[in-house]
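Novice: Next up is a structure, given as structure tokens.
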Amino acid sequence: MRLLTEIEQRVVSALQIDGRAGPGRIAEVLDLSPRTVTRVISRLRADGRLKVVCVPDPAHGLRGAMLLRVKVLRGRTPAIADGLAKRADVLFVDILAGGEEISAVALGGLDGRLVHDALPSTSAVTELRAHSILHVFSDATEWRTGLLTGAEAAALAPPPPGDDVPLDDLDRRLLDRLAADARLGPAELAAEAPESTVRRRLDRLAAAGRIRTYANVDVAALGLAVDANVWMTVPPGRLDEVGRALARHPMVHGTLATTGVTNLMAAVWCRDLAALYAFVTGLDVPSAEVTVVARAVKRGGRPGSQKI
């Protein structure tokens, strides 16, 4: 796979900070031409290595989010994973190395039909472990490549969100459209309402922090060949301390406190297995299970986001 050039990586890094930033704004901050930025974004989106989506903010509640570990009969895993990825109540789906286990993040909680009906009634599922997500220390929207200077990142950062706002049907329709493509503008969303109305609603949602973007890049093109999940058992009294520390680690792109024997999960991207080994051996926890992701089927609402 061709690695992204330095310019491409810097443009992606800008979109990590604000996925709706226009080419002119990015060009000004990164000292590039708007034409170059436009060309880079178009090329990466066209070849499938970049997709900017809108994802829920844990601060607004994730409707009983659960972390699922699903063991499946050999040979049936791709079908089950693809079926999960098609569901609107499932945000993330990974097939783990070995091909007999799926990791997923689903909404709906213990009352959801996915946990009680859909998965248990599937003959291909041999074991289902459902862990309630108690706290989100960090998620993929907060991961950064580290290629921008502090001044560049600050110049691109959108204003801090103000007070939350109640959502009506139009707001929800707009957010649903942005969940598939967060770079859609008022003109492209005008089918939902007059363009002027859409523009005002987008401004209102953005000011309230409701438009939370995720620049979903194929990390293999950044030279990060290993995607892994580390499932840890941490003493309850240290859970917050360890979770916050991992959330700040540059290799970590998600940290969740959950119910269950393994009560803390960290998702990490590494250059190779040696880097993963160094990360794991540096952990100060009583026990940890490490699983490597064979294929990321869905990330942040985007099916088929990465194939590693």
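The values are calculated or read from the model by the stated rules, or taken from the named source; none is laboratory data. It should be emphasised that the depicted structure is a prediction, and the values quoted were computed from it without experimental measurement. Cβ atoms come from the backbone with ideal geometry, glycine included; neighbour counts cover every protein chain shown.
Novice: From Gly260, Gly237, which residue is at pLDDT 95 or above and over 20 Å from the mean Cα position of the chain (by Cα)?
Specialist: It is Gly237.
Novice: Within the stretch 206-228, work out how many residues are crowded, with 20+ Cβ neighbours inside 10 Å and either without any contact (Cβ under 8 Å) to a residue 60 or more places away in the chain or not hydrophobic (A, V, I, L, M, F, W, C) (or both).
Specialist: 8
Novice: Also, quick follow-up: For the stretch 21-77, how many residues meet the condition of being assigned to a loop (DSSP other than H, G, I, E, B), surrounded by fewer than 20 Cβ atoms within 10 Å (Cβ to Cβ) and of a type in the set (D, E, K, R)?
Specialist: Adding up the residues that qualify gives 6.
Novice: Considering the stretch 182-200 alone, what residues qualify as being free of Cβ contacts under 8 Å to residues at least 60 places away in the same chain and assigned to a loop (DSSP other than H, G, I, E, B)?
Specialist: Hits for the stretch 182-200 are Leu184, Gly185, Pro186, Ala187, Glu188, Leu189, Ala190, Ala191, Glu192, Ala193, Pro194.
Novice: Got a number for residues in the stretch 246-278 being touching a strand residue (DSSP E or B) at 6+ places or on another chain (Cβ under 9 Å), without any contact (Cβ under 8 Å) to a residue 40 or more places away in the chain and of a type in the set (A, V, I, L, M)?
Specialist: Qualifying residue count for the region: 5.
Novice: Where residues in the stretch 78-97 are assigned to a strand (DSSP E or B) and not charged (D, E, K, R), which of them is surrounded by the most Cβ atoms within 10 Å (Cβ to Cβ)?
Specialist: It comes out as Val93.
Novice: Next up: Looking only at residues in the stretch 115-137 that are of a type in the set (Ser, Thr, Tyr) and at pLDDT 90 or above, which one is farthest from Val70 (Cα to Cα)?
Specialist: Ser132
Novice: Please work out which one of (1) modelled with pLDDT under 95; (2) under 24 Å from the mean Cα position of the chain (by Cα); (3) surrounded by fewer than 18 Cβ atoms within 10 Å (Cβ to Cβ) is the condition Ala191 fails and give its number.
Specialist: (2)
Novice: For Thr197, indicate whether it is surrounded by 13 or more Cβ atoms within 10 Å (Cβ to Cβ) and modelled with pLDDT of 95 or more.
Specialist: So Thr197 passes the test.
Novice: Tally the residues that are surrounded by fewer than 16 Cβ atoms within 10 Å (Cβ to Cβ) and in a loop (DSSP other than H, G, I, E, B), restricting the search to the stretch 7-20.
Specialist: The number of residues fulfilling the criteria is 0.
Novice: Right, next: Among (1) surrounded by fewer than 20 Cβ atoms within 10 Å (Cβ to Cβ); (2) among the charged types (D, E, K, R); (3) under 21 Å from the mean Cα position of the chain (by Cα), where does Asp203 come up short?
Specialist: So Asp203 meets the others, but not (3).
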